[in-house]
Amino acid sequence: MMMKDIKALVPPNFGWLQMKLDPIVMKRINKYIKDHKKISHNHKLAGNITKSNLLEDKDNWLWSNVLYPCVTEYTHHFGERVINGVLTKDCRFVLNSLWVNFQKKYEFNPVHDHGGVFSFVIWIKIPFDYKKEKNLPFVKHSNSVKAADFEFLYNDILGRLTTFNYTLDKSKEGDMLFFPAVLNHQVYPFYTSDKERISVSGNISLNPEDIIR
């Protein structure tokens, strides 16, 4: 070989966090869903779905025990470059909004991003198996088999659109993804169940009241 010290270099980039939530956390979230006041949030969301309702994080429990630790973990792994530098000084992070999605068969969430600095999705109920979804006659022969998936979209270093897909089934219940709010993502429709796919999402922002003060 006529060369030496060859290195494969991967430039720095942002990613996301993936985790399994403790049953105590899931019990708390399910109580939020059970007790919620059914205030619609559809008009502020991109989802082409029947029902999205606001949730209340009582006593800031989810924020303190799960979400703020995720902010700390994210910046530990990826640094603070994801945060708008103009707004970082003397501003606290806050949970800006929290909602639950009830997605029925054939409904979908088109490509979109969120407001704020960070966002997250938690899968509560997944009433289908991705293997059955991807074996449907009109799906399995495609060169882009994505029925029922959750998908991130971003540009690679060559400027090409790149995707990262999560296939979903019951084993993903209790999984959470935590990601920069401006990261584009979408949710494909499912076809093999008449039950609802239930997920909880939210946005984390810098507190504008701190800026004013």
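The values are calculated or read from the model by the stated rules, or taken from the named source; none is laboratory data. Note that the coordinates shown come from a computational prediction; the quantities given were computed from them, not determined experimentally. No Cβ is skipped: glycine too gets one built from the backbone with ideal geometry, and neighbour counts run over all protein chains shown.
When D194 is tested against (1) without any contact (Cβ under 8 Å) to a residue 12 or more places away in the chain; (2) not in a strand (DSSP E or B), exactly one condition is not met: (1). Scan the stretch 89-108 and tell me whether some residue there is under 21 Å from E209 (Cβ atoms), of a type in the set (D, E, K, R) and without any contact (Cβ under 8 Å) to a residue 40 or more places away in the chain. Within the stretch 89-108 (the criterion being under 21 Å from E209 (Cβ atoms), of a type in the set (D, E, K, R) and without any contact (Cβ under 8 Å) to a residue 40 or more places away in the chain), the answer is yes, since at least one residue qualifies. Taken over the stretch 44-53, the criterion of being loosely packed, with under 15 Cβ neighbours inside 10 Å, of a type in the set (S, T, Y) and within 17 Å of the chain's Cα centre (by Cα) is satisfied by no residue. The residues of the stretch 103-125 that are touching a helix residue (DSSP H, G or I) at 6+ places or on another chain (Cβ under 9 Å), buried (at least 16 other Cβ atoms within 10 Å of the Cβ) and not aliphatic (A, V, I, L, M), listed by number, are F118, F120, W123.
Residue-wise test of (1) within 20 Å of V100 (Cβ to Cβ); (2) exposed (fewer than 12 other Cβ atoms within 10 Å of the Cβ); (3) modelled with pLDDT under 95.
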{"position": "N42", "(1), (2), (3)": "yes, no, yes"}
{"position": "L55", "(1), (2), (3)": "yes, no, no"}
{"position": "N60", "(1), (2), (3)": "yes, no, no"}
{"position": "W63", "(1), (2), (3)": "yes, no, no"}
{"position": "C70", "(1), (2), (3)": "yes, no, no"}
{"position": "R81", "(1), (2), (3)": "no, yes, yes"}
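Of all the residues in the stretch 126-173, those that are β-branched (V, I, T), surrounded by fewer than 16 Cβ atoms within 10 Å (Cβ to Cβ) and under 20 Å from the mean Cα position of the chain (by Cα) number 2. In the stretch 13-24, of all residues being assigned to a loop (DSSP other than H, G, I, E, B) and free of Cβ contacts under 8 Å to residues at least 60 places away in the same chain, the one that is surrounded by the most Cβ atoms within 10 Å (Cβ to Cβ) corresponds to D22. Filtering the stretch 85-101 for residues that are farther than 24 Å from P180 by Cα and either surrounded by 15 or more Cβ atoms within 10 Å (Cβ to Cβ) or not hydroxyl-bearing (S, T, Y) (or both) leaves an empty set. Residues of the stretch 153-170 include at least one that is touching a Lys or Arg at 6+ places or on another chain (Cβ under 8 Å), under 28 Å from H36 (Cβ atoms) and either without any contact (Cβ under 8 Å) to a residue 40 or more places away in the chain or not aliphatic (A, V, I, L, M) (or both). Within the stretch 58-76, one or more residues are within 26 Å of L158 (Cα to Cα), in contact (Cβ under 8 Å) with a residue 24 or more places away in the chain and not acidic (D, E).
Mind checking which residues of the stretch 23-49 are under 19 Å from K125 (Cα atoms) and hydroxyl-bearing (S, T, Y)? Y32, the sole residue that qualifies. Is it true that Y68 is of a type in the set (S, T, Y), out of contact with any Gly (no Cβ under 9 Å at 6 or more places or on another chain) and under 14 Å from V187 (Cβ atoms)? In short, no.
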